[in-house]
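Below: one structure, written as structure tokens.
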Amino acid sequence: MKHFSCLLALGLLGVHGTTYAETNKHETTVTLGLTRSLAAEALAFPAQYPPEAQPVEIERWIYGRTTFSARPFPKDSYVQHPGRKVGTVGFISYTPFPGARTLYSCITNDGQDFFTSEYENCEGQRKMTHMPILGYIATTQLPGTVPLYRCIRGGFKPRPWADHFDTISANCENQSNPTNEGIRGYIWL
């Protein structure tokens, strides 16, 4: 299954360069960190989801100074994400599949940073209560997938702070002073 958005991405990247926007009647979706070469890599082979996989979008949200990845909640759900949606990272699976690992939604013990982790103990921090499991990602590159990186950025004003974020951009989307913490797995566009 190929996503129409990837085809649209190739056309728009010729005009816009680093990200693409798909507009429909309801909203605009921006795939964050998508470059022409990443789109070409994803389109080189048709995306093939394992039969057990159920694709679900990873959205990027901003709340205060923290950036986080989340699955969409139903619009009529009593629980909604704080902050505002700024785009889409890609697609993971809502269900486990062979060769997948769990991606957990975590928060630092001081509540200042939301992040994803492949470790159930959230690297010594806490799991999010409303969505402890974000989904399942491929551990090896499958046809139509691209690497998912976890990056961290930070600063010292007005006080020291750090912000983890997920991206398909190996250069952490050119954020100032970023650190790429490596590939977490592989996702579909």
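The table for this structure:
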{"read-out": "Extension gain from Asp76 to Glu57, taking 0.36 nm per residue of separation minus the Cα-Cα distance", "value": "5.1 nm"}
{"read-out": "Three principal axis lengths of region 46-188 [C-alpha, angstrom, descending]", "value": "49, 37, 28"}
{"read-out": "Estimated inter-spin distance, Phe45 and Glu181, nm [label 7 Å along Cα→Cβ]", "value": "2.8"}
{"read-out": "Under-5 Å amide H pairs with Gly144, H placed in peptide plane, nonlocal only", "value": "Phe45"}
{"read-out": "Cα-based convex hull, region 103-178, per residue volume (Å³, whole number)", "value": "102"}
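Every number here is computed from the coordinates shown, using simple stated rules; none is lab data. Keep in mind that this is a model prediction, so the values were computed, not measured. Using ideal geometry, Cβ is built from the backbone for each residue, glycine included, and neighbour counts are taken over all protein chains shown.
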